[in-house]
1. Please work out how much accessible surface residue 106 shows to a 1.4 Å probe, ignoring ligands, DNA and RNA, in Å² rounded to 10.
2. Using 0.36 nm per residue, how much length does the chain from residue 240 to residue 303 gain when fully extended, once their Cα-Cα distance is taken away?
3. Largest first and in whole Å, what are the equivalent-ellipsoid semi-axes of the range 206-301 based on the Cα gyration tensor, each being the root of 5 times an eigenvalue?
4. Run the simple label-point estimate for residue 271 and residue 94 please: 7 Å along Cα→C-beta, distance reported in nm.
5. Round to a whole angstrom and tell me the spacing of the C-alpha centers of the range 83-110 and the range 11-77.
6. How do 252, 29 stack up against each other in accessible area, from largest to smallest, with a 1.4 angstrom probe?
7. With N set to the number of residues, divide the alpha-carbon radius of gyration of the range 38-117 by 2.2 N^0.38 Å and report two decimals.
8. Could you report the accessible area of residue 6 in Å², rounded to 10, computed with a 1.4 Å probe on the protein chains as they sit in the structure?
Amino acid sequence: MSQSAYQVSPRELGTLLPDQPSYRVDQLREWLYEHPVLDPADMTNLPGDVRNTLRLWPFAAEIEQSADGGRTRKWLFRAPDGASIESVLMGYERRTTLCISSQAGCAMACTFCATGQFGFERHLDAGEIVAQVAYANAALRSRPIAGSPARVTNVVFMGMGEPLANYTNLRESLHRMIEVIDLAARSVTVSTVGVIPGIRRLADEPWQIGLAISLHAADDELRNTLIPLNTRYPLAELVEAARYFFNRTGRRVSIEWTLMDGVNDTADQAEKLASIAQQLRAHVNVIAMNPTPLTAQQAPGRLAIDDFMKELSRHGANATYRETRGQEIDAACGQLRIRGLTEEGET
Ligand code: SF4
């Protein structure tokens, strides 16, 4: 099968149109990145034979779900080799945020994460990563979210996969988002469970993108049980790398904390987390665990959540509890994939 147009670098798009004048290549680039459309037939200024032969998307949208009164949309895309890719679009008053995947599956095996329980399928290439943004923009163009910008304004790498374990493709996708789609670097956030060499490389890139550390535990003893990578890159080294990122980019990192009942919702964890957050001058985003059939952990009750937030505040942390979006549509990463596999009888 021919390559999707997104799997060809924007600089090399001419290879897809060898018999066409160069302005056709510019037109194609604009359709792909500036005004994407779901169907090549809608690329109205390109000749019919180009539209008929172009392979536009590197995947097919297999499932689309909607929740929160249409303000949250989730896609499960399927690549021709069977790899699954999930994206979640969330509309707010002043921004439209897309959560994207960087890998099919994930090798990190975090015990609280549905994706981690499947293991690693493969890296997504840069085209498959950036096409998630273009697809969402094309979908918004034909069906905007009422009351939200009709274009993706913010991108977070918080879907399936550990982006810093797929650095080359991550870098190329960032390049295209920032320099070709023209997304503000500051509105793109890469989330990591702590791939320290990747954090340092990202800090040395020319873009002021955001970094979110998925911390979830504030000492090595607990973190080793939740995030196996912590045994390789322990907490003190992770904090040091986050500090390096802050010093190099001038951007404060944020800390992500998925609250799990009886696991990391204790006063002791809150105190240690507050100390780390203060060292990094980081903001802490707390969400409750979204349980899945594959994970043992559960969400704490409302009282435990309130107590944890009070403890954080008492110890001086700058923290926000965020309600999770799209609970009725399996919006935690990897959950659509679980559903697909369960329905196919594979789990
Ligand atoms: S939490 Fe992130 S890094 Fe950990 S297994 Fe899930 S996708 Fe991978």
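1. Looks like 10 Å² after rounding.
2. My answer for the length gained is 19.3 nm.
3. On the way: eigenvalues 116, 39, 35 Å².
Working from the Cα gyration tensor, I get semi-axes of 24, 14, 13 Å.
4. It is 3.8 nm.
5. Here the two parts' Cα centres lie 20 Å apart.
6. Sorted descending by solvent-accessible area, the residues read 252, 29.
7. So the Cα radius of gyration is 1.41 times the expected 2.2 N^0.38 Å.
8. We get 0 Å² for residue 6.
The values are calculated or read from the model by the stated rules, or taken from the named source; none is laboratory data. If you're wondering where the values come from, they're calculated on a predicted model, not measured in any experiment. Because the Cβ atoms are built from the backbone with ideal geometry, glycine has one as well, and the counts that use them run over all protein chains shown. For accessibility, only protein heavy atoms count, side chains too; no ligands or nucleic acids. Shrake-Rupley method; radii C 1.70, N 1.55, O 1.52, S 1.80 Å.
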